[in-house]
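Input: a single structure, listed below in structure tokens.
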Amino acid sequence: MKRYTEKELKILNQQLKGISPEEIIQWVILNSKRPVVTTNFRPYEVAILHAVSKIKSDVQVVWCDTGYNTPQTYKHAKEVIDTLDLNVKIYIPKQTAAYRDAMFGGIPQVDSSDHDEFTRQVKLEPFQRAMREQQPDIWFTNLRKGQTAFRDSIDILSYSKDGLLKVSPFYHWSDEKLDLYLEEHNLPNEHKYFDPTKVLANRECGLHA
């Protein structure tokens, strides 16, 4: 997919705002050779997984599993993978949780000097490894406006810090609208989710900012 200028991106985002996620995904898929969808199976992630896999059934789904998910999230992930027959590649940290418990004394607080290294181990390194191996030209995400201050500053189309085009088809959707989408398509959801690197719900996780 071509590299858009800031002006072109702004115009495209204005045009895409009133277009359905399905149409956005179809347009992107037509112009993409190696799209990926990243997921952590947090609440409402099933929407982007369903919408993209419905259009491209073999799309590569990348799950960077921190190893600290709740039992409910792991069960939910299995249900979604099986239900949608997803083509999932799982990336995990190189170190075990037991190793980090020994080194950091558990999950470091956000103001701890160990927090950056903890985040690098459980999230950033596995994600960077995934991107190196998959070499995508498009990155589908379920980022939405209102989740964090940073996410409020982007749009349906945005570029990652590495210059990869990120596509967030549900960017302008509310939880209520997504609830209706899940109900319409008989899709499961799970709210008992834990991200060990964020601490606060409205704090950016580090992959996007």
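By accessible area, using a 1.4 Å probe on protein heavy atoms only, the stretch 6-185 has 49% of its surface on carbon and sulfur.
Projecting the Cα atoms of Leu187, Gln109, Leu9 onto the dipole axis of the chain, where Lys and Arg carry +1 and Asp and Glu carry -1 at the beta carbon, places Leu9 farthest toward the positive end. Close amide H contacts of Ile107 (hydrogens built in the peptide plane, cut-off under 5 Å, sequence separation of 5 or more or a different chain): none are found. The calculated FRET efficiency for Thr96 paired with Ser57, based on their beta-carbon distance and R0 = 45 Å, is about 0.85. Take every pair of alpha-carbon atoms less than 8 Å apart whose residues are at least six positions apart; their mean separation over the length of the stretch 30-112 yields a relative contact order of 29 percent. Computed per residue of the chain from DSSP H runs no shorter than four, each worth -39500 (n - 2.57), the mean residue ellipticity at 222 nm is -11500 deg cm²/dmol.
Considering Cα pairs under 8 angstrom that are at least six residues apart, work out the relative contact order of the chain and quote it in whole percent. List each step's numbers first, then the result.
Values: 291 pairs, mean separation 56.9, N = 209.
Contact order relative to length: 27 percent.
Candidates Ile24, His50, Tyr99 compared by Cα position along the dipole of the chain: farthest toward the positive end lies Ile24, with charges placed on Cβ. Beta bridges from DSSP with both residues in the chain: antiparallel share about 15 percent, rounded to the nearest 5. Placing pseudo-labels 7 Å out from each Cα toward the beta carbon at Asp114 and Leu180 gives an inter-label distance of 4.7 nm. Restriction of the chymotrypsin sites (Phe, Trp or Tyr not before Pro) in the stretch 1-107 to DSSP coil positions whose beta-carbon has at most 16 other beta-carbons within 10 angstrom yields Tyr4, Tyr68. In the full protein assembly as shown, how much of His50 is accessible to a 1.4 Å probe, in Å² to the nearest 10? About 20 Å², ignoring ligands and nucleic acids. Work out which trypsin sites (Lys or Arg not before Pro) in the chain are exposed loop sites (DSSP not H, G, I, E or B, at most 12 other Cβ within 10 Å) and give the longest gap free of them. For trypsin sites (Lys or Arg not before Pro) (loop position, at most 12 other Cβ atoms within 10 Å), the longest site-free span of the chain is 95-160. At a probe radius of 1.4 angstrom, the accessible area of the chain per residue rounds to 51 square angstrom. Residue-wise HN-Hα couplings along the stretch 117-127, as the Karplus relation 6.51 cos²θ - 1.76 cosθ + 1.60 with θ = phi - 60° gives them from phi, are 5, 4, 4, 4, 5, 8, 10, 5, 5, x, 5 Hz; Gly and Pro carry x. Close amide H pairs (under 5 Å, H built 1.01 Å from N) link Cys64 with Thr39, Tyr91, residues at least 5 positions away or on another chain. Dipole magnitude for the chain: about 600 debye, using +1 per Lys or Arg Cβ and -1 per Asp or Glu Cβ, origin at the Cα centre. Residues in the stretch 180-195 carry Karplus couplings, in order, of 5, 4, 5, 5, 4, 9, 6, 9, x, 9, 8, 9, 8, 10, 9, 10 Hz; the curve used is 6.51 cos²θ - 1.76 cosθ + 1.60 with θ = phi - 60°, and Gly or Pro positions show x.
Averaged over every viewing direction, what's the projected area of the C-alpha convex hull for the chain? Give it in nm², one decimal, please. Write down the numbers at each step before the final one.
On the way: hull surface 45.6 nm².
Mean shadow area of the hull around the Cα atoms is 11.4 nm².
The values are calculated or read from the model by the stated rules, or taken from the named source; none is laboratory data. Everything numeric in this text was worked out from a predicted model, so none of it was measured. Virtual Cβ from ideal backbone geometry, glycine too; neighbours counted across all protein chains shown. Surface accessibility is based on the protein's heavy atoms, side chains included, excluding ligands, DNA and RNA. Shrake-Rupley method; radii C 1.70, N 1.55, O 1.52, S 1.80 Å.
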